[in-house]
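No value in this document is a laboratory result; all are computed from the given coordinates. Computed from a prediction, not measured in an experiment: that's the story for all the values here. All Cβ positions, even for glycine, are placed from backbone atoms using ideal geometry, and neighbour counts span all protein chains on display.
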Amino acid sequence: MDIKLSHTFLAVDDPDKAIAFYRDVLGLEVRNDVSYGELRWVTVGSPAQPEVDIVLEPPTANPTMSADDRGAVADLMAKGLYGRMVFWTDDCDETFARLSKAGADVVQEPTDQPFGVRDCAFRDPAGNELRFNQPKS
């Protein structure tokens, strides 16, 4: 049996800001942009991984979510504690320099980690933490 990742979901509160960040700053391609009523889902992905899609979805897309749950999600997003994603990069320092120059919100400068990677971290416009890992040689 072979299991592979197909889609992963990340909550964003402004699809246009998300597109500008994920396409224009990170260099991902926009693969789909779908509206349904007042909601909008945008799918992005790396050209190097055409089989993996990142779906940028409204934070309250689940129709069974209560008003309290919606408020809790909004609070966590505002604090930058709701979503996280880790990307591989072949050059952590160059990635850090490029994203910093583009004005991305820095969380952590490039650091050698004891678990075998050099990594850095940023927040996207919705407050999601994005880490960029480079395997240590």
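Please list, ordered by chain and number, the residues whose modelled amide H lies under 5 Å from the amide H of ARG31; skip anything fewer than 5 residues away on the same chain.
Distant-sequence amide H within range of ARG31: THR43, VAL44, GLY45.
How would the chain be classified by its alpha-carbon gyration tensor: rounded, prolate or oblate, with rounded meaning a/c under 1.5 and the a/b versus b/c comparison settling the rest?
prolate
Report the residue, chosen from MET85, MET65, MET77, that carries the largest GNM mean-square fluctuation when the chain is represented by alpha-carbon nodes joined by springs under 10 Å.
Evaluated over the chain, the most mobile residue of the options is MET65.
Counting only GluC sites (Glu not before Pro) that are in a DSSP loop and have at most 10 other C-beta atoms within 10 Å, tell me the longest site-free stretch of the chain.
For GluC sites (Glu not before Pro) (loop position, at most 10 other Cβ atoms within 10 Å), the longest site-free span of the chain is 52-137.
Highest GNM mean-square fluctuation, the chain, Cα pairs closer than 10 Å: which of ASP90, ASP68, ASP16?
Per the Cα network of the chain with a 10 Å cutoff, ASP68 tops the list.
Where in the stretch 27-54 is the amide nitrogen less than 14 Å from a point lying 7 Å along the Cα-to-Cβ axis of THR60?
Backbone N within reach: 38-40.
With a 10 Å Cβ neighbour count serving as the proxy for reagent exposure, in which order, fewest first, do LEU81, LEU130, LEU56, LEU28 appear?
LEU81, LEU28, LEU130, LEU56
Test of the criteria: in the stretch 1-86, which trypsin sites (Lys or Arg not before Pro) are in a DSSP loop and have at most 12 other Cβ atoms within 10 angstrom of their Cβ?
LYS4
Compute the signed sum of charges (Lys and Arg +1, Asp and Glu -1) over the other residues within less than 13 Å, Cβ to Cβ, of VAL30.
Around VAL30, the charge tally is -2.
Cα centroid distance between the stretch 107-137 and the stretch 15-79, in Å?
21
Where both residues lie in the chain, what percent of DSSP beta bridges are antiparallel, nearest 5?
About 70 percent, rounded to the nearest 5.
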